[in-house]
Amino acid sequence: MEPASTLAWIGIGGNLGDARATVETAIARLAALPQTQLLRSSSLYRTAPVDASGDDYVNAVALVSTTLPALDLLHALQAIELQHGRERPYRNAPRTLDLDVLMYGEARIADQELTVPHPRMAQRAFVLAPLLEIDENAVIPGVGAARPLMDAITDQPIRRI
């Protein structure tokens with residue numbers, strides 16, 4: 001019997017090097033992950049850093065269907081980050097590529113390696129705008145509908161590119 005497939009939302013971003021090309025390549029690499037099918041990806045968005053420094057970020061969100069367990073998916077995403085030269089010198093450092101498991105089905109996970117839903121996604125326009133682009137009725141487990149959350153964020157400019 002095959003393992004059940006889970007819908008997972010992946011946040012994608014970067015602000016070092018050719019961030020646009022890196023985000024586009026990352027989306028293609030998500031489509032190539034084993035046991036995973038890319039269902040949709042948002043447009044690319046440009047945003048100023050939030051709680052971080054450096055150049056503007058290029059962000060997107062992708063929806064995948066996967067039979068990978070949540071931690072295996074996280075590890076696969078971290079491998080893609082490393083292939084793009086991701087370093088973690090300090091919290092919220094500028095980065096070539098950042099891939100986050102935003103939501104993993106209806107799961108609520110809180111352990112040392114992974115927290116889903118992503119703990120700050122409900123406060124970030126760079127997550128909510130692309131999420132709502134590909135699912136206007138998105139609901140964050142344990143939080144609620146994403147639309148009113150986005151409507152409440154007026155101090156984070158975001159531009160589709």
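Tabulated data for the structure shown
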read-out	value
Relative contact order, percent, the chain [alpha-carbon distance under 8 Å, six or more residues apart]	28
FRET efficiency estimate (nearest 0.05) - Cβ-Cβ, residue 82 to residue 136, R0 25 angstrom	0.15
Value at 222 nm in deg cm²/dmol, rounded to 500, when DSSP H runs of n ≥ 4 in the chain each add -39,500 (n - 2.57)	-8000 deg cm²/dmol
Of all accessible heavy-atom area on the chain, the percent that carbon and sulfur account for (1.4 Å)	49
Accessible area in the full protein assembly, largest first, 1.4 Å probe, for 47, 96	96, 47
Which of 154, 115, 22, 66 is most accessible, then next, and so on - probe 1.4 Å	154, 115, 22, 66
Translational D in µm²/s for the chain (Stokes-Einstein at 4 °C, 1.567 mPa s, Kirkwood Rh from C-alpha pairs)	82
Semi-axis lengths (Å, descending) of the ellipsoid that matches the C-alpha gyration tensor of region 70-161	23, 18, 12
Surface accessible to a 1.4 Å probe, per residue, for the residues of region 10-118, Å²	47
Debye, to nearest 20: dipole size of the chain, +1 on Lys, Arg Cβ, -1 on Asp, Glu Cβ	220
Probe 1.4 Å - accessible area at residue 27, Å² to nearest ten	20
Amide H partners (placed H, <5 Å) of residue 138, local residues excluded	146
Accessible-area ranking of 116, 139, largest first, probe 1.4 Å	139, 116
Calculated over region 1-74: convex hull of Cα atoms, volume per residue (Å³)	93
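The values are calculated or read from the model by the stated rules, or taken from the named source; none is laboratory data. Values in this document were obtained by computation on a predicted structure and should not be read as measured data. Note that we place each Cβ from the backbone using ideal geometry, even for glycine, and neighbour counts take in every protein chain shown. Only protein heavy atoms, including side chains, enter the accessible area calculation; ligands, DNA and RNA are left aside. Shrake-Rupley method; radii C 1.70, N 1.55, O 1.52, S 1.80 Å.
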